[in-house]
1. Go through the residues of the stretch 133-144 one by one and say whether even a single one is charged (D, E, K, R), over 17 Å from ASP33 (Cβ atoms) and out of contact with any His (no Cβ under 6 Å at 6 or more places or on another chain).
2. Can you spot a residue in the stretch 117-137 that is in a helix (DSSP H, G or I), of a type outside the set (D, E, K, R), out of contact with any Pro (no Cβ under 7 Å at 6 or more places or on another chain) and within 19 Å of ALA16 (Cβ to Cβ)?
3. Looking at (1) in contact with a helix residue (DSSP H, G or I) (Cβ under 6 Å, 6 or more places away or on another chain); (2) without any contact (Cβ under 8 Å) to a residue 12 or more places away in the chain, can you tell me which one PRO32 breaks?
4. Is one or more of the residues making up the stretch 86-95 over 25 Å from VAL15 (Cβ atoms) and touching a residue at least 60 places away in the same chain (Cβ under 8 Å)?
5. Residue check: is VAL9 within 25 Å of ARG155 (Cβ to Cβ) and either touching a residue at least 60 places away in the same chain (Cβ under 8 Å) or in contact with a Cys (Cβ under 7 Å, 6 or more places away or on another chain) (or both)?
6. Just give me the residues in the stretch 1-59 being over 16 Å from the mean Cα position of the chain (by Cα) and of a type in the set (Asp, Glu), in sequence order.
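Values quoted throughout were computed directly from the atomic coordinates according to the rules given, and no laboratory measurement underlies them. Remember, predicted model here, so these are calculated numbers, not experimental data. Reconstructed Cβ throughout: ideal geometry from the backbone, glycine too, with neighbour counts over all protein chains shown.
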Amino acid sequence: MRGRTVLTVVLLLMVAVVVQTTLFGRIPLVTPDLVLLVVIMLCLTRIRPELILAIAFTSGLIVDLLGSSVLGLRAVVFTTVAYLGLRTRDRAEIGRVAVALWAGALTLVGIVLLIVIGTLFGQSSLLGEDTLSRVILVPLANLAIAAAVAPLVVRLVDRDKTAFRYP
């Protein structure tokens, strides 16, 4: 990666972490997982897959350090979702709706993995009365955000003005 690409990725992740932990941490209803969404959108860029997996692991570790969950839980989930995103990204490059549905599906996989792995490691705070609403609303929120922002993020990271130009 070049210097400007590294700076862009770091700034995107920093903004996502800060907004997710401060602003969306106070809103109880619909809180999109912005850091996971940034990792998913980075799968659409021309960054080498190994670096995307490293970025996913590091960003998950940062979210784990700032939260109260088991250290490494989100790191494993984000890395798994990034791997799935890298393996399926050619299916998402056909249009804005496909990108949004792809990001929503990957977010759903991430949330389910987070709940399952968290339950295995004794994170009872992941299960509660709002588990079903979290499984439904977080992927829908990420789907809506991805429809609006994914092409812009890909253009910013890749510095390609013609990338993801949809009608």
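1. Scanning the stretch 133-144 turns up no residue that is charged (D, E, K, R), over 17 Å from ASP33 (Cβ atoms) and out of contact with any His (no Cβ under 6 Å at 6 or more places or on another chain).
2. Yes, that holds for at least one residue.
3. Every condition holds for PRO32 apart from (2).
4. yes
5. Here the answer is yes, as VAL9 does meet what is asked.
6. Hit for the stretch 1-59 is GLU50, nothing else.
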